[in-house]
Amino acid sequence: NGIPRRASDLVGEINAVMFGAHDLDLVLGPPSLRRRYLDILISQLDHHYLRTMQRYQRVIVQRNHLLKSVRGGRSQPDELGFWDDELVETGKYIMARRARTIKDLSEKAAPIHGDLSGNGEVLELAYRLSVETPQDDSEDEMALSLRDALAENRPRELAQGFTALGPHRDDVTVRLDGMEAGPYASRGQCRTAVLAMKLAEAGSLSDE
């Protein structure tokens with residue numbers, strides 16, 4: 001109606017699930033594609049997640065800039081404290097929300113995959129964190145794991161000049177009968193697994 005709107009404001013207004021040949025990359029491609037798939041799904045369900053992701057990305061840019069500055073002797077390491085706090089505050093929500101979503105998606109996709117494949121193969125999806133796996137998927141546990149990992153890896157990050165841990169380094173593992181599908185599954189098996197994921201995604205969207 002002639003009123004300017006940000007593109008992010010429209011996310012979740014009209015939801016659609018599409019399946020194409022390129023979607024095989026959800027199994028065969030790099031972790032960034034699986035993270036993007038998961039982020040788009042959750043953003044359609046949770047506007048706070050979308051805003052938190054945008055804030056997190058800004059934090060990573062600023063923190064990486066500071067790490068390079070410290071490495072070059074232009075800043076002091078103690079200046080990282082503020083950005084560590086920001087990373088933990090935004091990262092804990094992203095990690096916890098992703099973990100819960102993958103658990104729900106896995107529970108929905110497994111029986112669908114069983115019906116599609118007809119061969120008894122068991123599909124399982126798991127959220128693989130870049131930090132030590134916490135005891136549960138609560139935000140408090142995620143925050144503790146992330147903060148400990150940042151402290152432990154501070155020397156390595158200073159040497160590298162970039163943030164090596166956090167949600168931007170996490171992945172989703174797709175397993176068939178307990179084995180990671182990417183390296184071992186045929187293209188036909190990958191296609192069936194992805195189709196099951198897409199149908200489970202539709203189920204998650206329709207539940208909201």
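The values are calculated or read from the model by the stated rules, or taken from the named source; none is laboratory data. What you see is a predicted model, and the numbers here were worked out from it, not measured in a lab. Heads up, the Cβs are rebuilt from the backbone with ideal geometry, glycines too, and the neighbour counts pull from every protein chain shown. Note: areas computed on protein heavy atoms with side chains; ligands, DNA, RNA excluded. Shrake-Rupley method; radii C 1.70, N 1.55, O 1.52, S 1.80 Å.
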Taking the residues in region 29-48 that are open to solvent by 40 Å² or more (accessible area, probe 1.4 Å), touching a residue at least 12 places away in the same chain (Cβ under 8 Å) and within 9 Å of the chain's Cα centre (by Cα) as candidates, determine which candidate is farthest from PHE19 (Cα to Cα). PRO31
Being surrounded by 17 or more Cβ atoms within 10 Å (Cβ to Cβ) and outside any helix (DSSP H, G or I) is the filter here, so list the residues in region 125-152 that pass it. LEU125, TYR127, LEU129, SER130, VAL131, PRO134, ASP137
Would you pick out the residues in region 30-71 that are at pLDDT below 95 and not in a helix (DSSP H, G or I)? ASP46
Return only the number of the condition from (1) more than 30 Å from SER69 (Cα to Cα); (2) under 18 Å from the mean Cα position of the chain (by Cα); (3) modelled with pLDDT under 95 that PRO183 does not satisfy. (2)
ARG74 passes all but one of (1) open to solvent by 30 Å² or more (accessible area, probe 1.4 Å); (2) part of a helix (DSSP H, G or I); (3) over 18 Å from ALA164 (Cα atoms); which number fails? (2)
Restricting the search to region 58-71, which residues are surrounded by fewer than 16 Cβ atoms within 10 Å (Cβ to Cβ) and either hydroxyl-bearing (Ser, Thr, Tyr) or in contact (Cβ under 8 Å) with a residue 60 or more places away in the chain (or both)? LYS68, SER69
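Looking only at region 77-121, filter to residues that are of a type in the set (D, E, K, R) and in contact with a strand residue (DSSP E or B) (Cβ under 8 Å, 6 or more places away or on another chain); which one of those is most open to solvent (accessible area, probe 1.4 Å)? Break it down stepwise before answering.
Pass one, region 77-121, residues of a type in the set (D, E, K, R): 78-79, 84-86, 89, 92, 97-98, 100, 103-104, 107-108, 115, 121.
Restricting the remaining residues to those that are in contact with a strand residue (DSSP E or B) (Cβ under 8 Å, 6 or more places away or on another chain) gives 98, 103, 121.
Details: ARG98: 5, LYS103: 122, GLU121: 35 Å².
Here the residue is LYS103.
Considering only residues of region 181-205 that are among the polar types (S, T, N, Q) and open to solvent by 30 Å² or more (accessible area, probe 1.4 Å), which is farthest from PHE19 (Cα to Cα)? Spell out the reasoning first.
Of the residues in region 181-205, the ones among the polar types (S, T, N, Q) are 186, 189, 192, 204.
Remaining after also requiring open to solvent by 30 Å² or more (accessible area, probe 1.4 Å): 186, 189, 192.
Working: SER186: 18, GLN189: 15, THR192: 11 Å.
Step by step, filter region 181-205, then rank; the result is SER186.
Inspect all residues belonging to region 12-24 and state whether any of them is part of a helix (DSSP H, G or I), modelled with pLDDT under 95 and surrounded by 14 or more Cβ atoms within 10 Å (Cβ to Cβ).
Checked against the condition, which is being part of a helix (DSSP H, G or I), modelled with pLDDT under 95 and surrounded by 14 or more Cβ atoms within 10 Å (Cβ to Cβ), region 12-24 yields at least one hit.
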For GLU157, are the conditions met, namely being closer than 30 Å to GLY118 by Cβ, among the acidic types (Asp, Glu) and in contact (Cβ under 8 Å) with a residue 40 or more places away in the chain? no
For the structure I just gave you, tell me whether ARG175 is modelled with pLDDT of 95 or more, within 17 Å of the chain's Cα centre (by Cα) and open to solvent by 30 Å² or more (accessible area, probe 1.4 Å). yes
